[in-house]
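The values are calculated or read from the model by the stated rules, or taken from the named source; none is laboratory data. Bear in mind the structure is a predicted one, so any value in this text is a computation, not a measurement. Cβ coordinates were reconstructed from backbone atoms using ideal geometry, including for glycine residues, and neighbour counts include every protein chain displayed. Only protein heavy atoms, including side chains, enter the accessible area calculation; ligands, DNA and RNA are left aside. Shrake-Rupley method; radii C 1.70, N 1.55, O 1.52, S 1.80 Å.
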Amino acid sequence: MSPFLLGERTMKALLLLVFAMVVMAREATAQDAPKDAQCVRERAAMVETIRAYARSAASALGQQGLSESVLEAMEQTKRHLFVPEQSCSIAYADRPMPIGLGQTISQPYIVALMTQLVEVAPDHVVLEVGTGSGYQAAVLAHLARKVCTIEIIPQLAETAAKTLRDLAYDNVSVKLGDGYDGWPECGPFDAIVVTAALGQPPPPLIEQLKVGGRLVMPVGPGYTTQQLTVVEKIAPDKTTTRAVALVRFVPFTRSQN
Ligand code: SAH
């Protein structure tokens, strides 16, 4: 056997080995597809549903509808990682969903609507009362400089904080407590979103809102329908209020102490 033939065989064997390694590596990548690559199609479809719904519900949003920046934030936020049900089609359906302990994550359209109505800008500090899964806080975090969010149920606060930490939402702080009193150390706030229903906006929240800022919350009794309400602070002691849509949220609860 000439040295040349030996070389050719070795080359063939080497080529086969490289080919096998490439195939194995591609299979491994497909199996361990990073979570980032999951549900992309369903998430895009959800955004299209929201866009279409917003057009048909123009009265709640006024002429301008949903802004591209809000739709982009919805496209960037991986809802399937905030809900117990991680199936893509269920996680991205435009429906509210139970998150345990009697609480629910809002319908994506309502999350987009509330985000639009508070008019978040990139330099804003935003307060959310009712962290729940952490999803609304994450959507806000794509648009604001800082998001402070308060949750009254310890298990939910803990899980949401972990989810947000794991997903590197470094501009979100989660606090356990009764959000009625707001979070003065985190404020004052350019925008406030309350995601649980109460008869009136809590005065401490209006106090911690900057002049020119907006508070959006469901006003009315819990579990039935409420008016999604926008409160705008137009002067230190003056607000305007408008109701924009009928919604259904879980009740705002108060701590016992
Ligand atoms: N925004 C959430 C869903 C909110 S459900 C999300 O994106 O998943 C409403 C949440 O408000 C519940 O988790 C409930 O425990 C919480 N909540 C009710 N009363 C509260 C209060 N006084 N302070 C803080 N959180 C409260």
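What the table shows:
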| item | result |
| --- | --- |
| Number of the exception - residue 125 against (1) out of contact with any helix residue (DSSP H, G or I) (no Cβ under 9 Å at 6 or more places or on another chain); (2) open to solvent by 20 Å² or more (accessible area, probe 1.4 Å); (3) within 30 Å of residue 240 (Cα to Cα); (4) away from the ligand (no atom under 16 Å from the Cβ) | (2) |
| Which listed residue is in contact with a strand residue (DSSP E or B) (Cβ under 7 Å, 6 or more places away or on another chain) and of a type in the set (A, V, I, L, M, F, W, C), from 47, 83 | 83 |
| Any hit, the range 176-196, residues being of a type in the set (Ser, Thr, Tyr) and more than 8 Å from the ligand (Cβ to nearest atom) | no |
| Residue satisfying all of: in the range 65-99; within 14 Å of the ligand (Cβ to nearest atom) and in a helix (DSSP H, G or I); most open to solvent (accessible area, probe 1.4 Å) among these | 81 |
| Tabulated pairs, the range 86-110, first under 17 Å from residue 137 (Cβ atoms), second polar (S, T, N, Q), C-beta under 7 angstrom, 6+ apart or interchain | 96/104; 96/106; 96/107; 97/104; 99/133; 105/133; 106/136; 106/195 |
| Residue 138 near the ligand (Cβ under 10 Å from one of its atoms) and in contact with a Gly (Cβ under 9 Å, 6 or more places away or on another chain) | no |
| Among residues of the range 199-257, those that are part of a helix (DSSP H, G or I), of a type in the set (Val, Ile, Thr) and out of contact with any Lys or Arg (no Cβ under 8 Å at 6 or more places or on another chain), counted | 0 |
| Residue in the range 241-256 that is more than 20 Å from residue 100 (Cα to Cα), buried (at least 16 other Cβ atoms within 10 Å of the Cβ) and among the aromatic types (Phe, Trp, Tyr) present | no |
| For residue 233: the one exception among (1) basic (Lys, Arg); (2) within 16 Å of the ligand (Cβ to nearest atom); (3) crowded, with 19+ Cβ neighbours inside 10 Å | (2) |
| Residue pairs meeting the criteria (Cβ under 8 Å; at least 6 apart or on separate chains; first of a type outside the set (Asp, Glu) and within 7 Å of the ligand (Cβ to nearest atom), in the range 239-256; second at pLDDT below 95 and part of a strand (DSSP E or B)) | 250/103; 250/104 |
